[in-house]
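To start, the structure itself, in structure tokens.
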Amino acid sequence: MIKVLLVDDESWNRDIVRTFGAWENLGMEIAGEAEDGIEALKLTQLLSPQIVITDMRMPGADGVQLMNNLHDLYPEVKVVVVSGYDDFKYAQNALRYGAVDYLLKPIDPKELNAVLQKCRKELESVSRESGTLALDMDVSFSLSSYKQLLRVHFNELNSEGMISVLQGMGRELQQSGITKFEVLQQITREMLLLLMELMKCNALEDESMTFEVNREVLSSCENTIAFLMKQYSESLEQLIRQRKFKNRLNLEEVRQYIDNHFAEAVTLEALARVFFVSKEYLSKIFKLEYGRNVTDYILHLRMERAKQWLAEDSIPIKSVAEMSGYEDVAYFYRVFKKHYGIAPGEMRKNGQV
């Protein structure tokens, strides 16, 4: 799987790129996101992305500085520049540091995916002799569905479901006859990056986010899967202990969980189960702390995000609804109008966003 890093100081801009990119069809995944050039460089070292999509104007280290550093330190990385300014100097800098393309905001989905396809072809061309990229992409495609299931089971503290998914993944890899050291190394790296993401999203301590991978782990598919099962199981057990046996519920941790999953089917019952408290207790203390019950907080967050995305005329209202957690566009219209007193299309047309 080709790894992509998104760099923009405004989260809603990253949301737009994340939504419009045909990631799975292109054999790509968003490996990480950064808010400025300094954070982007750190993540480039950690995640080894093949593509970086960056805004130009950011506080601290801006896009020009980032491109300069990437050109010097990671010349193999493909850079795509996104800017709200049709500025010749920015375009000139982009070309100077070898950017693949220069996209103007608001982003056109067709242009974005055309540029991503161009990046993919260039990466394939570079790697054609060794054939490693094609092999990695095939393996990553087979991992993608397992990753989605692992996210769900880990966040729901479902240990049995998680182990079952990893076992299924192991069976598929064994049937594929995968034994090559480099491929097992890639699988291990991708799955550990996912685990680190899950740990971070669930507020597990930073010191736990280190993994020692020796050559024995990568000597066979069986050893690789056994290692991953051990790491995932230990991390989930740590998360369960952290939530189950702490002296008091950390409401900020609950709020952060909701902020990370607001577009999913988050319910009071599911939250109470994940944080080992009764739903009555959680509902009461959450409202005392934040002035809204859990359901109203999720609704408010969805509506605020939807309003931000409506400010970009290039985003179809159907996409705004989906990003906000509503598959049924008609239902989204009703909820939005009830919340703001005006339909989303009217709000956009009247310039009230």
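Could you check the spin-label model distance between residue 311 and residue 200? Points 7 Å from the Cα along Cα→Cβ, value in nm.
With each label point 7 Å from Cα toward Cβ, the separation is 2.5 nm.
Could you work out how far apart the two model spin labels at residue 300 and residue 118 are, taking each label as a point 7 Å from the Cα in the direction of the beta carbon, and quote it in nm?
Placing both labels 7 Å along Cα→Cβ, they lie 4.4 nm apart.
Any idea how far apart residue 148 and residue 289 come out in nm if each label point goes 7 Å out from Cα toward Cβ?
Between residue 148 and residue 289, the label points sit 3.2 nm apart.
Projected onto the charge dipole of the stretch 132-244 (+1 at Lys/Arg Cβ, -1 at Asp/Glu Cβ, origin at the Cα centre), which of 175, 145, 228 gives the Cα projection farthest towards the positive end?
Towards the positive end, the residue furthest out is 145.
Full extension from residue 171 to residue 233: what is 0.36 nm times the residue separation minus their Cα-Cα distance, to one decimal in nm?
20.5 nm is the gain from fully extending residue 171 to residue 233.
Among the lysines, select those whose C-alpha is under 23 Å from the C-alpha of residue 318, and discard any that sit fewer than 8 residues away in the same chain.
Candidates past the 8-residue exclusion: 105, 110, 307, 337, 338, 349.
Ignoring GluC sites (Glu not before Pro) that are buried or in helix or strand per DSSP, and keeping those with at most 15 other beta carbon atoms within 10 Å, what is the longest stretch of the chain between them?
11-75
In deg cm²/dmol, rounded to 500, what helix-only [θ] at 222 nm does the chain give when every DSSP H run of at least 4 residues adds -39500 (n - 2.57) and the total is split over its residues?
-20000 deg cm²/dmol
Taking the Cα centre of the stretch 248-353 as the origin, how large is its charge dipole in debye, to the nearest 20, when only Lys and Arg (+1) and Asp and Glu (-1) carry charge on their Cβ atoms?
320 debye
List the trypsin sites (Lys or Arg not before Pro) within the stretch 141-221 that fall in a DSSP loop (any state other than H, G, I, E or B) and whose Cβ has at most 10 other Cβ atoms within 10 Å.
For trypsin sites (Lys or Arg not before Pro) across the stretch 141-221 that sit outside H, G, I, E and B with at most 10 neighbouring Cβ atoms in 10 Å, the list reads 215.
All other residues with a Cβ under 10 Å from the Cβ of residue 339 taken together, and with Lys, Arg as +1 and Asp, Glu as -1, what is their net charge?
Net local charge, residue 339 excluded: +4.
Provide the FRET efficiency to the nearest 0.05 for the residue 338-residue 279 pair, computing r from the beta carbons and using R0 = 25 Å.
0.50
Using Cα pairs closer than 8 Å and at least 6 residues apart in sequence, work out the relative contact order for the stretch 2-127, in percent.
Here the relative contact order equals 24 percent.
Each reported figure results from applying straightforward, stated rules to the coordinates on display, with no laboratory input. Being a predicted model, the structure only gives us computed values, none of them experimental. With ideal geometry, Cβ positions are generated from the backbone for all residues, glycine too; neighbour counts draw on all protein chains shown.
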